[in-house]
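> Below you will find the structure I want to go over with you.
The values are calculated or read from the model by the stated rules, or taken from the named source; none is laboratory data. Predicted model, so just to flag it, every value in this text is computed and none were measured. As a convention, Cβ positions derive from the backbone with ideal geometry for all residues, glycine included, and neighbour counts pool all protein chains shown. Remember, those area values only see protein heavy atoms, side chains included, never the ligands or the DNA or RNA. Shrake-Rupley method; radii C 1.70, N 1.55, O 1.52, S 1.80 Å.
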Amino acid sequence: MSAYILYVTNSWEQILSRSGEHVYLAFTAVGLACLVGIPIGLLINRNKKLANIVMNGANILQTIPSLAMFALLIPLVGIRDKNAILALFLYGLLPIIKNTYTGIRNVDPAITEAAKGMGMSSMQMLYKVQAPLAIPVIMAGVRIATVTGIGVATIATLIGSGGLGTLIYQGIGMMNYPMMISGAIAAALLALLTDYILGLLEKMMTSKGITSK
Amino acid sequence: MIQLIDVYKTFNGNDMVVEDLSLEIEEGELVVLVGESGCGKTTTMKMINRLEEVSSGTIMINGKDIKESDPIKLRRNIGYVIQQVGLFPHLTVGQNIGVVPRLTKNDPAKIAKRTIELLEMTGLKHEDYLNRYPNELSGGQQQRIGVARALANNPDVVLMDEPFSALDPITRCQLQDELLNLQEELHKTFVFVTHDVDEAIKIGDRIAVMQDGRIMQYNTPENILKNPANQFIENFVGQDRLWKTPNMLRAKDIMDKNYENMKDIKITDIVIVQPDTSLHEVLQLREKHELQIIPVVEEGVTVGIITESSILSLMAEIIPGNEGLKCPHTYCT
């Protein structure tokens, strides 16, 4: 325990900068996954066949082991950050697309029928009715993607990208347990903190009319 | 005025849902489409705001073929109320009412004023309800908001698809009464779909009884009850129905038309009634003046006689037997 405290007090600068790299990798990837995944999730609601194809594709991506994913991407984008971000992005897509798709699809048909009967176009229905009602489900997908992303990002060190994984793998290699543990704990704390902040964001974005049930 | 002319509707080209249907609904009229589930009544209604397209035939509103209107614009000018209400749960009561006026880009100040006006009309205080969310309201209150929302853009036509069916009987009765008051006040054209014959008789100016995608009879409630067009209608409305709605019985229904010495009765100096005098009034006159015989006179000519036996024979005809008493619907008059 004391060895651990000693390590943290001596190397807090390193832990912090590794955390910074970690956040950069995970957030860039999830941010891109949101930008791409949410519109796809919204769009595929109009076509069931397309939805099946996209969902199956995303499912397959998810089954690739993370280490293999990093390796597979090397011929495409080489190593380091580009590779790491692309891999994390691909992992983030499934939960985001899936939750956006189901969130929209699960809106009570009575509500969409009323919206249509009142004279909303399908776009108006999407952004005035379906999307606001699906926010909790979409945000759940974003939270899953983020937490997964922070977890998987620890492996990115193996392809030369930084992040808290560096501390963990160096710690293992050098039998420096305080170093390894501080890397692991920092990654866990980062995941919890991010999830909490996203939870607050979700609460802010969701109408009181659907939370106070 | 809404005209449906030779309308047919099939799904997938084989199942005939609506067949050879023609219907004319006058302006300011409340017409009820009634029938068992699957008879095509809801489909017929949905073709009016193009939620369903006709397979063949024409539907015209105020002389204009609805096929020529943009369906979205068309719907914004037709109120729409459904059974499950379909209020938007993420919007407040006030925002829900203002949805259509906002779609048509009305002046926000006007929308706010109109929202308060409509809320008051439904009997809900705007200070208490404007900023509440639908899930804080009872079923009856939600449907009141549903009706207010449908009226927000001041449409000429309002379509209602079993709007009160999910409510408890007492609330349903109140909302029916409120709808009748509303119609009297606003003179909108209502097309109302229900499977409940009692409801149809209570609120309809005219009723279209449907079976297997066709209209079996289209007439006033009174005429349907008294002269059902066929056995199906008679069974559907129930033979005891007149007994439940005695206010529809008139002198001409009670009188004995073949009274022997009818022509000898002098109609001066005695109490007489018109053919359209209500049963209630006839009975009161009879009681008040202790009359044995009341002549029914139309334009100076005696057309029938009301006697004790003619009243009794009417009762024999309309008092329900055991089968008529199985499901009492006597929550409201």
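> What does DSSP give for the protein assembly as shown in terms of the percent of beta bridges that are antiparallel, rounded to the nearest 5?
Around 55 percent antiparallel, to the nearest 5.
> Also: Nearest 0.05, what FRET efficiency do residue A:49 and residue A:201 give at R0 = 41 Å with Cβ-Cβ as r?
0.75
> I need the calculated FRET efficiency for the pair residue A:32 and residue B:136, taking r as the beta carbon distance and R₀ as 56 Å, to the nearest 0.05.
0.90
> Got a sec? Which residues of the range A:180-213 lose 10 Å² or more of accessible surface with every protein chain in place, vs. that chain alone, 1.4 Å probe?
Residues of the range A:180-213 that lose at least 10 Å² of accessible area once the other chains are added: A:207, A:208, A:209, A:210, A:212, A:213.
> Within the range B:113-233, what whole-number % of the accessible surface is contributed by carbon and sulfur, with the 1.4 Å probe and all protein chains included in the calculation?
In the range B:113-233, the share of accessible area belonging to carbon and sulfur is 44 percent.
> Please work out how much length the chain gains when fully extended from residue B:315 to residue B:116, using 0.36 nm per residue of separation minus the C-alpha to C-alpha distance, in nm with one decimal.
66.7 nm
> Compute, for the protein assembly as shown, the length of the dipole vector about the Cα centre, with Cβ point charges of +1 (Lys, Arg) and -1 (Asp, Glu) only. Units Debye, rounded to 20.
So the dipole magnitude of the protein assembly as shown works out to roughly 3260 debye.
> Considering only A:97, A:84, A:135, whose Cα is most displaced toward the positive end of the charge dipole of the range A:64-213, charges sitting on Cβ of Lys, Arg (+1) and Asp, Glu (-1)?
Positive-most Cα among the choices belongs to A:135.
> Report the one residue of A:45, B:108, A:74 whose Cα lies farthest in the direction of the positive end of the charge dipole of the protein assembly as shown (charges on C-beta: Lys and Arg +1, Asp and Glu -1; origin at the Cα centre).
The residue sitting most towards the positive pole is A:74.
> Quick check: pseudo-label points 7 Å beyond the Cα along Cα→Cβ at residue B:106 and residue A:23, how many nm apart are they?
In this crude label model, residue B:106 to residue A:23 measures out at 4.9 nm.
> Quick one: compute a quarter of the convex hull surface over the Cα atoms of chain A and quote it in nm².
The directionally averaged projection comes out at 14.1 nm².
> Ignore the peptide's own chain and count Cβ atoms of other chains within 10 Å of each Cβ in B:131-140; give me the average, rounded.
For peptide B:131-140, the averaged partner shielding equals 2.
> Something else now. If you add up the charges near residue B:156, with Lys and Arg at +1 and Asp and Glu at -1, over every other residue whose beta carbon is less than 10 angstrom from its beta carbon, what do you get?
Charge balance in the 10 Å sphere: 0.
> Given the convex hull over the Cα atoms of chain B, what projected area results after averaging over all orientations, in nm²?
21.4
> Using the Kyte-Doolittle scale, which helices in chain A average at least 1.6 and also have C-alpha atoms spread 18 Å or more along the helix axis, with helices defined as whole DSSP H runs?
A:131-152
> If you take the charge dipole of the range B:81-145 about its Cα centre, with +1 on Lys and Arg Cβ and -1 on Asp and Glu Cβ, which of B:141, B:85, B:129 is farthest toward its positive end?
B:85
> Turning to a different aspect of this structure: At a cut-off of 50 Å², which residues of the range B:75-99 become less accessible once all protein chains are present than in their chain alone, using a 1.4 Å probe?
Flagged in the range B:75-99: B:75, B:80, B:88, B:89, B:90.
> Considering the Cα trace of the range A:1-85, what is its radius of gyration and what is Dmax, both in angstroms?
18.7, 59
> Return the carbon/sulfur percentage of the accessible area of chain A, one whole number, probe 1.4 Å, all protein chains in place.
70
> Give me the accessible area per residue for the protein assembly as shown, probe 1.4 Å, as a whole number in Å².
Here the residues of the protein assembly as shown average 50 Å² of exposed surface.
> Now for a separate question. Over the range B:174-239, what per residue volume does the convex hull of the Cα atoms give, in whole Å³?
89
> Nearest 100 Å² is fine: how much accessible area is buried between A and B, summed over both sides, with a 1.4 Å probe?
Rounded to the nearest hundred, the buried surface is 1900 Å².
> Sticking with this one: How many nm is it between the label spots at residue B:68 and residue B:288, if each spot is 7 Å from the Cα in line with the beta carbon?
About 5.6 nm separates the two model spin labels.
> Okay, moving on. Roughly how many debye, to the nearest 20, is the charge dipole of the range A:92-213 about its Cα centre, given +1 on each Lys and Arg Cβ, -1 on each Asp and Glu Cβ, and no other charges?
280
> Can you work out the FRET efficiency for the pair residue A:82 and residue A:174, with r the C-beta to C-beta distance and R0 = 35 Å, to the nearest 0.05?
The value I calculate is 0.80.
> Given that compact globular proteins tend to follow 2.2 N^0.38 Å, what is the ratio of the alpha-carbon Rg of the protein assembly as shown to that value?
Rg over 2.2 N^0.38 Å, computed on Cα atoms: 1.45.
> Taking every DSSP beta bridge with both residues inside chain B, roughly what % is antiparallel (nearest 5)?
Given both bridge residues lie in chain B, the antiparallel proportion sits at roughly 55 percent.
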